[in-house]
Amino acid sequence: MIEIVPINKPLNAVVRIPGSKSITNRALPIAALADGTSRLTNVLFSDDSRFFMDCLKRLGFELFSDEQTQVVEVVGTGGKLPVSSADLYVGNSGTSARFLTAFVALGQGTYTIDGNARMRERPIRDLLDALLRLGVDATDQSGTGCPPVVVHANGLRGGQTRIVGRNSSQYLSGLLLAAPYAKADVSIEVDGELASQPYIDITMEMMKQFGVHCAQQVDAFHIPGGQCYRARAYAIEPDASNASYFLASAAVCGGRVRVTDLTKDSLQGDAQFAHVLERMGCGLVWGTDYVEVTGPTDGVLRGIDVDMNDIPDTAQTLAAIAPFAREAVTVRNVANMRIKETDRIHAVVTELRKLGVSVEEYTDGFRVEPCQQVQGGTVHTYDDHRMAMAFSLTGLRASGIFIEDPECVQKTFPTYFDVLHDACHTSA
């Protein structure tokens with residue numbers, strides 16, 4: 001447990017954020033399937049990325065990593081999986097589970113993907129159904145629609161499939177990443193609204209950067225078969241989701257926080273969270289190699305009603321600072337938050353209420369009322385890194401906030417609390 005000490009002065013900080021989890025966990029399988037050795041820099045070393053790297057090694061791929069310099073060299077095999085069987089453990093890493101399920105379909109043999117207790121509650125049947133339509137024998141071993149998953153692989157034949165779009169963009173991303181190695185073209189139709197389109201944009205742009213073509217036409221995707229990723233040197237952007245906490249710290253404490261190497265041209269949709277803060281009255285500057293947020297000139301955040309379907313991983317960040325706004329803050333269209341590391345909608349509502357905040361819970365979001373005096377208390381994190389990081393922001397303004405199980409930030413940002421401390425107690 002860790003106590004967050006309130007900050008009673010404006011911030012003046014420059015922060016460097018580790019590499020993006022979303023980009024790291026796409027670059028790793030792409031590089032493994034490429035036609036030579038790729039050198040990945042600014043790689044995120046956290047629980048999620050380590051699970052993915054370990055799984056690739058269990059599949060017989062050669063990876064040479066240097067955590068000190070944040071460099072990983074991956075020896076690509078041109079689309080071949082080196083081993084015919086492997087048991088893959090992914091912890092509670094959604095990207096690892098979903099991407100690897102499609103990835104191993106390219107092999108010849110039997111592969112099992114499993115995780116921790118929470119992962120065994122996180123749905124994957126939509127992806128399995130989509131793979132089945134492409135001729136892949138992939139089943140949920142326990143019949144619950146969740147891992148463990150067993151894939152009896154015989155390559156990916158190609159053809160047409162469809163996938164439900166509202167639950168998770170990771171299903172579609174997993175299919176897209178593997179599809180270039182199908183024996184024939186792959187066409188994917190999305191059924192219903194697509195959750196988190198910016199994450200699909202990341203996937204498609206990275207495929208392009210590694211030399212593969214993929215086309216999107218509204219709610220359908222077409223990937224020519226028989227393609228091959230080209231090995232290359234690739235620099236990974238800072239994690240925009242994790243940057244949101246530091247940008248939001250300026251919003252609640254005043255002053256300014258600059259995050260380096262994150263720009264308006266970022267691949268990551270979560271960089272747009274800066275514009276949410278701007279709508280709440282914060283100052284925003286995009287530099288050539290940074291983004292900077294300053295607190296509201298009058299010291300008070302404005303309320304906001306916002307659709308966060310494109311950036312759901314920052315909804316908890318907004319929830320944690322919402323009690324300090326002048327008017328209510330409403331978050332809508334984020335129903336897929338309920339199948340993340342925890343039911344994030346219910347978790348946010350529960351923990352804010354414990355702190356004396358009035359919150360209304362919706363099926364697809366929540367409404368947070370202004371709170372004159374946020375009470376102290378212990379925030380339960382549900383083994384969810386984003387609960388721990390988000391509610392640390394509440395503690396920057398309210399006394400007596402304790403974060404339970406702060407070690408859960410190992411999932412994506414192992415040094416988070418050290419970096420937050422430095423940002424709050426040092427001047428740029």
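The values are calculated or read from the model by the stated rules, or taken from the named source; none is laboratory data. Nothing here was measured: the structure is a model prediction, and the numbers come from that model. Glycine also receives a Cβ, built like all others from the backbone with ideal geometry; neighbour counts cover every protein chain displayed.
Taking each residue of segment 148-169 that is modelled with pLDDT under 95 and looking for partners that are in a strand (DSSP E or B) and surrounded by 17 or more Cβ atoms within 10 Å (Cβ to Cβ) with beta-carbon atoms closer than 6 Å, six or more apart or interchain, yields Gly158/Val186; Gly165/Val190.
Where strands (runs of 3 or more DSSP E) fall entirely within segment 1-56, those with at least 2 residues that are touching an Asp or Glu at 6+ places or on another chain (Cβ under 9 Å) and more than 20 Å from Asp384 (Cβ to Cβ) are at 11-15, 37-41.
For Thr77, the criteria (1) polar (S, T, N, Q); (2) under 24 Å from Gly107 (Cα atoms); (3) buried (at least 24 other Cβ atoms within 10 Å of the Cβ) hold in every case but one, which is (3).
Among the residues of this structure, Leu63 does not count as one that is under 17 Å from Ser169 (Cα atoms), surrounded by 16 or more Cβ atoms within 10 Å (Cβ to Cβ) and either within 23 Å of the chain's Cα centre (by Cα) or in the same structural domain as Ser169 (by TED's automatic domain parsing) (or both).
Results for (1) touching a residue at least 40 places away in the same chain (Cβ under 8 Å); (2) surrounded by fewer than 23 Cβ atoms within 10 Å (Cβ to Cβ); (3) not in a helix (DSSP H, G or I), shown as yes or no for each residue.
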residue	(1), (2), (3)
Thr330	no, yes, yes
His346	no, yes, no
Phe366	yes, no, yes
Cys371	yes, yes, yes
Thr378	yes, yes, yes
Met387	yes, no, no
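Scanning segment 198-208 turns up no residue that is in the same structural domain as Gly109 (by TED's automatic domain parsing), hydrophobic (A, V, I, L, M, F, W, C), over 21 Å from Arg230 (Cβ atoms) and in a loop (DSSP other than H, G, I, E, B).
For beta carbons closer than 9 Å, sequence separation of 6+ or different chains, a first residue in segment 2-30 that is within 30 Å of Thr297 (Cβ to Cβ) and a second that is of a type in the set (Asp, Glu) and in a helix (DSSP H, G or I), the qualifying pairs are Ala13/Asp422; Val15/Asp422. Of all residues in segment 348-364, those that are more than 22 Å from the chain's Cα centre (by Cα) and either in a loop (DSSP other than H, G, I, E, B) or at pLDDT below 95 (or both) total 4.
Take Pro82 and tell me if it is in the same structural domain as Ala271 (by TED's automatic domain parsing) and surrounded by fewer than 17 Cβ atoms within 10 Å (Cβ to Cβ).
Working: in the same structural domain as Ala271 (by TED's automatic domain parsing): no; surrounded by fewer than 17 Cβ atoms within 10 Å (Cβ to Cβ): yes.
Answer is no for this residue.
Does Pro296 count as of a type outside the set (Gly, Ala, Ser), within 20 Å of the chain's Cα centre (by Cα) and at negative phi? Don't jump to the end; show me each part of the working.
Values: of a type outside the set (Gly, Ala, Ser): yes; within 20 Å of the chain's Cα centre (by Cα): no; at negative phi: yes.
Spelling it out, it is not the case that Pro296 is of a type outside the set (Gly, Ala, Ser), within 20 Å of the chain's Cα centre (by Cα) and at negative phi.
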